[in-house]
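For reference, the structure discussed in these notes is given below.
The values are calculated or read from the model by the stated rules, or taken from the named source; none is laboratory data. No experiment lies behind these values; they were computed from the predicted model shown. All Cβ positions, glycine included, derive from the backbone under ideal geometry; neighbour counts span all protein chains shown. Ligands, DNA and RNA are stripped out before the accessible areas are found, and what is left, the full protein with its side chains, is counted by its heavy atoms. Shrake-Rupley method; radii C 1.70, N 1.55, O 1.52, S 1.80 Å.
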Amino acid sequence: MCGIVGYIGSKSALNILLEGLTNLEYRGYDSAGVAVSVNGQVELYKAEGKLQNLKDVVALKKEHVEKSTIGIGHIRWATHGAPTTVNAHPHSCNCGKVAVVHNGIIENYKELRERLEKNGCTFRSQTDTETVAHLVASKFAQTKDLTEAVRLATKEIEGAYALCVIHQDVKDTIVATRRNAPLLVGIGENEYYLASDVPAIIQHTKKAMYIDDNQIVTLTPNSMKYIDANKNILEPKIEHLPWEPVALSKMGYKHFMLKEIHEQPDVVRNVLSGKLRAMDENITLNEVTLNKDKLKELNRIQIVACGTSLHAAMIGKYIIEDFCGIPVDVEPASEFIYRRTITDEKTLVIGVSQSGETADTITAVRQAKALGSHILIVTNRPDSTMAREADSLIPVNAGIEVSVAATKSYMAQVLSFYLLAIYMAEVKGKNNLEKLKHELIILPQKIEEILAHKEEIQACAKKFANSKDFIFIARGINFPTALEGALKLKEISYINATGYTAGELKHGPIAMLDESMPVLSILMLGKVYEKILSNSEEAKARNARMIALTNSTDKKLEDLFESIIRVPEVDEMLSPALAIVPLQLLAYYIAEFLGKDVDQPRNLAKSVTVE
Ligand code: M6R
């Protein structure tokens, strides 16, 4: 979603801001802007659409703007007001001396705006953020102190925010604060950076400090003043950022999504490393501080997540129930938070999130925590807001994922659920999981085999790329795979794709079938193979164009299916980890064939920080 970058020091701020925003582009946005202070004047430059439009705007005054050594920048994903130039950040006040960038939502902006308008403020945009600019300006008029003005303004603001503020009358200063939206300070030599996420600044410094809720940081080129909401001085907690700038390079692949799909064998190795050593050794989950006695006491697990993470959670339910016999409920976090939920201290609540910043999931785990549940967070970002809510943490170690469509993080989440389920089963005394552990160990080679034959999937993609709709069917443990395959396809190619349990087809969706409808059957050998095969026959009898994704070598499939995507043999319980790879590739190649913006699909954001 939105992204923030700030810089104060002796270098040209403009290039740092634009480069930082470029590294946040993957998060999804629809307008961009910067505010810089040049010759003592605060100047705003904004543009709707891609960052290149902003670059074109500043290029007209490049020599002039490049003189600035202080600035704040923003990419906006529209929530309040259309994605226009006027609604783009930074926002300013009547006299134009203040510039504010903001991530999050000001919930009481209507009341604030009404009051500010009565006091003579003229609003230019439809955004909630502009109220902050006017509010800070009015507090500054009273106090002549920018830090105090921001502090007083935040006392009147309800909602979530990460804010960076500059003021023309306070030279060489940026004030930043946050509540329920991430913001960090990067520390250099006589210079500071601000960012809503690490990729914006990692090429400049690995030394950083995460700002916590309601804390305020005042930066000059040579100083950092750090206080809480009551003006108490705080001691900065400086951290080393565990990221490499190289993670943000496509490394020769056409898109980040393709690169990330290819990284999956190594992601699996990473997730297993140090936790699953040999098939005859128990799993060790060092990160899980979940005490073994407590685990035995649990009578229920509730998993909350959104989107792709929700699909990983559904696989988690299947395997935890199967291996451990503990009932598991999975619910979209966005539904969980708006009803009376029955969680207590005997319920383990698992929040799953690639970004750790998904607002619905954060709210869900906070609600469960308030009811006394133990909170386990499975995330790719141990530095995220969600991770900070955790009683126990499983970092999934997929490395930074740039493409909006989640691929390798899904693989890492699914693998983490296998480890967790086996770990819990072993704590409960189950000890017949050697075969599965062996399969896990050899999984990376099998994924590599699929990647080595990607041209076959590419050919299949070409054949079906002009379809208007797509149906994915599966049963049992691969039903979430069908949902995830369909989600990938619709996210990046905008084809209307739906996943169904194969048995449900004849209860309604079968009405949709004709010669224009591709039906992709996920046919993994095991308990439900024959059942899905007969559901596929039913679809074929309605003239649907049949595609099989299978590990069966049965020649007879060739009569039923127009295209067959083959994957290596695998234990049915582990098959989701293998079956998803060709579906990711199929979605990728269809979108690529259709010429879509694969890494930054329309309307989507990498992390959805609003409820
Ligand atoms: O960061 P999270 O895993 O919490 O994000 C949840 C969803 O927004 C995310 O999975 C979304 O569905 C992706 N675009 C999937 O590709």
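Give the number of residues within segment 94-107 that are open to solvent by less than 10 Å² (accessible area, probe 1.4 Å) and modelled with pLDDT of 95 or more. Total meeting the criteria: 5. Restricting the first member to segment 526-544 and to residues that are open to solvent by 50 Å² or more (accessible area, probe 1.4 Å), and the second to residues that are in a helix (DSSP H, G or I), the beta-carbon pairs closer than 6 Å and six or more apart or on different chains are Lys540/Leu560. If the condition is being away from the ligand (no atom under 16 Å from the Cβ), part of a strand (DSSP E or B) and β-branched (Val, Ile, Thr), then segment 486-517 contributes only Thr501. Among all residues of segment 74-85, there is at least one that is open to solvent by 40 Å² or more (accessible area, probe 1.4 Å), within 19 Å of Ala200 (Cβ to Cβ) and at pLDDT below 95. Taking segment 402-428 as the range and being within 9 Å of the ligand (Cβ to nearest atom) and in contact with a helix residue (DSSP H, G or I) (Cβ under 6 Å, 6 or more places away or on another chain) as the test, the residues that pass are Ser403, Ala405, Ala406, Thr407, Tyr410, Gln413.
The strands (runs of 3 or more DSSP E) found wholly in segment 146-229 and carrying at least 3 residues that are open to solvent by less than 10 Å² (accessible area, probe 1.4 Å) and among the β-branched types (Val, Ile, Thr) occupy 170-179.
Restricting attention to segment 147-205 and to residues that are of a type in the set (D, E, K, R) and in contact with a strand residue (DSSP E or B) (Cβ under 8 Å, 6 or more places away or on another chain), the residue that is farthest from Tyr7 (Cα to Cα) turns out to be Glu158.
Condition first: of a type in the set (A, V, I, L, M, F, W, C), farther than 17 Å from Ile580 by Cα and within 16 Å of the ligand (Cβ to nearest atom). Can you find one or more residues in segment 286-303 that meet it? Yes: segment 286-303 contains one or more residues that are of a type in the set (A, V, I, L, M, F, W, C), farther than 17 Å from Ile580 by Cα and within 16 Å of the ligand (Cβ to nearest atom).
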